[in-house]
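Below is one structure, written out as structure tokens; comments come after it.
Only the coordinates and a few stated rules stand behind these numbers; no lab work does. All of these numbers come straight from a predicted model, not from anything done at the bench. Every residue, glycine as well, gets a Cβ built from its backbone with ideal geometry; the counts of neighbours run over all protein chains shown.
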Amino acid sequence: MKYDVLIVGTGPAGIFTALELLRNNYGKKIMMIEQGRSLERRACAKFKTKDCAKCRPYCHITSGFSGAGAFSDGKLSLSYEVGGDLPDLIGSKVTQEIIDYTDKIYLDFGADEKIEGTENAEKIKDIRRRAIQSGLKLVDCPIRHLGTEKAREIYLQLQKYLIENGVEILYNTVCLDLNISGGECSGAKCADVSNLNKPIVINAEHIVVAAGRKGAHWLDKMCRIHNIDHKPGTVDIGVRVEVRNEIMEEVNELLYEAKLVGYPKPFKNKVRTFCQNPGGFVSQENYDDNLALVNGHSYKEIKSANTNIAILCSHNFSVPFNEPISYAQKVGKLANMLADGHILVQRYGDILDGKRTWANELELSNVRPTLKDAVAGDISAALPYRTLINILSFIQAMDKVVTGFASSETLLYAPEIKFYSNKIQMDDRFNTNIKNLHCLGDSSGWTRGLMMASVMGVLMGRYINSREL
Ligand SMILES: Cc1cc2nc3c(=O)[nH]c(=O)nc-3n(C[C@H](O)[C@H](O)[C@H](O)COP(=O)(O)OP(=O)(O)OC[C@H]3O[C@@H](n4cnc5c(N)ncnc54)[C@H](O)[C@@H]3O)c2cc1C
């Protein structure tokens with residue numbers, strides 16, 4: 001099989017690479033391979049049964065057309081300051097220009113016109129004042145909220161557009177290895193997920209790896225086997241916090257998402273809020289090796305009585321140990337083990353009192369867990385001391401911005417982990433040290449969100465089309 005462009009992964013980074021090639025009348029053969037299913041065939045059993053079915057071979061939440069974007073909350077962050085380190089590679093100005101361009105494409109495919117976080121400047125000043133007083137920084141970031149249902153519709157339209165315009169997509173097909181010799185990549189070894197023993201080779205002039213967080217571990221392996229230049233990066237470990245909507249009302253209405261950053265004593269590590277879901281639902285996503293992680297999302301129409309938000313603490317390592325992904329996986333596994341393979345949940349007050357939470361105690365609170373199969377227990381037995389102290393200090397600071405955030409009934413779910421590790425070393429045209437090999441999106445370590453991953457795809461499409469590589 002011979003193509004001009006082979007894209008591994010059909011998440012936003014891969015989609016926007018193909019889309020931008022089409023928009024520039026590329027006219028050559030594009031192949032995308034995806035280990036998951038087409039979007040209309042993706043369904044999470046949990047939406048009906050409330051229990052995670054531990055889908056094999058891949059979790060529908062993270063794999064398939066539109067990648068982790070399919071069931072995401074669809075919050076498009078419209079500022080270059082949010083969503084990863086891409087501006088360090090291509091510059092803030094270019095990043096912002098391409099965000100604006102990409103945002104228009106999302107609008108063309110049906111995104112809501114409304115932008116959150118741009119009105120009520122005086123009231124937002126008030127929130128910022130309280131943040132400053134408690135030692136936190138409030139980051140400005142307008143947000144276009146697609147909502148989980150709308151995000152799915154938009155990505156369905158994109159899937160249709162790509163196929164109708166000649167892009168070939170092989171679903172249920174996993175990339176096992178990259179064909180690299182003499183410092184050059186000529187293609188990839190792929191196989192049907194139900195028959196891994198019969199791989200096929202797909203050759204291409206350009207190989208674009210856009211495997212997402214789901215594929216970060218695999219890409220890490222590729223880097224080691226093929227000497228692809230990379231640097232172990234940061235990994236974020238934390239919790240998902242859930243409170244009643246009444247507590248978050250002001251921030252929800254004015255900002256939709258409060259992006260707050262702090263460096264609490266004594267460790268002064270970066271701690272930040274991430275992915276706020278007003279009226280949302282806490283969810284579980286499953287990774288390889290049975291690692292269950294907590295996440296959150298919200299619908300445009302169906303609302304819960306709660307708001308959830310992640311609090312993440314950045315971890316960096318140096319010598320003699322520098323394997324952030326393995327470290328975070330071990331922490332995650334420990335939390336899973338204590339919850340019998342599920343997500344752990346504990347009341348904030350119980351952590352302060354040094355006791356575990358019992359299932360019947362959850363019934364006594366105003367806030368009821370939206371993740372129904374989360375197991376009440378003891379997060380402090382799983383999270384490292386440094387991580388937990390950082391999180392508890394941050395929650396106390398948050399309480400001055402959002403009164404009631406640190407109430408004893410506030411729920412903390414663990415493990416919430418973001419694997420951004422392994423920053424692939426590339427130039428500003430996304431060339432790796434291996435000729436013809438480019439790495440994009442969350443798996444490249446340069447992005448952490450839908451918009452930035454899409455932006456990287458747009459640029460990749462332009463560079464390939466204009467041969468500016
Ligand atoms: C529940 C949830 C909610 C989220 N909410 C938001 C949000 O509101 N706003 C936001 O900005 N971001 C959100 N995110 C993050 C966002 O979805 C990701 O940052 C984004 O999807 C990354 O895009 P990507 O193209 O880099 O990778 P992905 O979207 O992860 O896509 C990668 C694809 O590659 C496939 N793949 C991996 N390895 C292989 C292989 N070896 N062979 C073949 N295929 C492979 C995977 O199956 C996957 O489909 C959320 C994520 C989750 C899980």
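For a quick check: with amide H placed at 1.01 Å from N, whose amide H comes under 5 Å from SER63's, ignoring anything fewer than 5 positions away on the same chain?
Amide H neighbours of SER63, under 5 Å, 5+ apart: none.
For LYS28, list the aspartates and glutamates whose Cα falls under 20 Å from its own Cα; do not include residues on the same chain fewer than 8 positions away.
ASP4, GLU20, GLU164, GLU168, GLU205, GLU468
Shape verdict for the stretch 1-139, please, from the Cα gyration tensor: rounded (a/c under 1.5), prolate (a/b greater than b/c) or oblate.
Oblate.
So which GluC sites (Glu not before Pro) in the stretch 116-195 are both in a DSSP loop and have at most 11 other Cβ atoms within 10 Å of their Cβ?
GLU119
List, largest first, the extents of the alpha carbons of the stretch 125-246 along their principal axes, each in whole Å.
So the extents along the principal axes, rounded to whole Å, are 59, 38, 27.
Straight distance only, please: which lysines reach the Cα of LYS114 with their own Cα at less than 27 Å, same-chain residues fewer than 8 apart left out?
Leaving aside lysines fewer than 8 places away in the same chain, those within reach of LYS114 are LYS75, LYS93, LYS104, LYS123, LYS125, LYS137, LYS150, LYS160, LYS259, LYS300, LYS303.
Over the stretch 1-159, what relative contact order in percent results from Cα pairs under 8 Å that are six or more residues apart?
Result for the stretch 1-159 is 26 percent.
Between SER92 and LYS160, what is the FRET efficiency for a Förster distance of 30 Å, r being their Cβ-Cβ separation, to the nearest 0.05?
The computed FRET efficiency comes out at 0.30.
Could you grab the relative contact order for the chain? Cα pairs under 8 Å, six or more apart, rounded to a whole percent.
24 percent
Report Rg/Rh for the stretch 259-309, rounded to two decimals, where Rg is the Cα radius of gyration and Rh the Kirkwood radius.
We get a ratio of 1.11 for the stretch 259-309.
Given 0.36 nm per residue, what is the gain on full extension from GLU184 to GLU113 after removing their alpha carbon distance, in nm?
Length difference between fully extended and current span is 21.2 nm.
Taking the Cα atoms of the chain, what is the range of coordinates along each of the three principal axes, in descending order and whole Å?
62, 48, 46
Going through the stretch 279-361, which GluC sites (Glu not before Pro) have at most 10 other Cβ atoms within 10 Å and a DSSP loop state?
Within the stretch 279-361, the qualifying GluC sites (Glu not before Pro) (loop, at most 10 other Cβ atoms within 10 Å) are GLU301.
How far apart, in nm, are two points set 7 Å out from the Cα along the Cα-to-Cβ line at GLN133 and at GLU168?
6.4 nm
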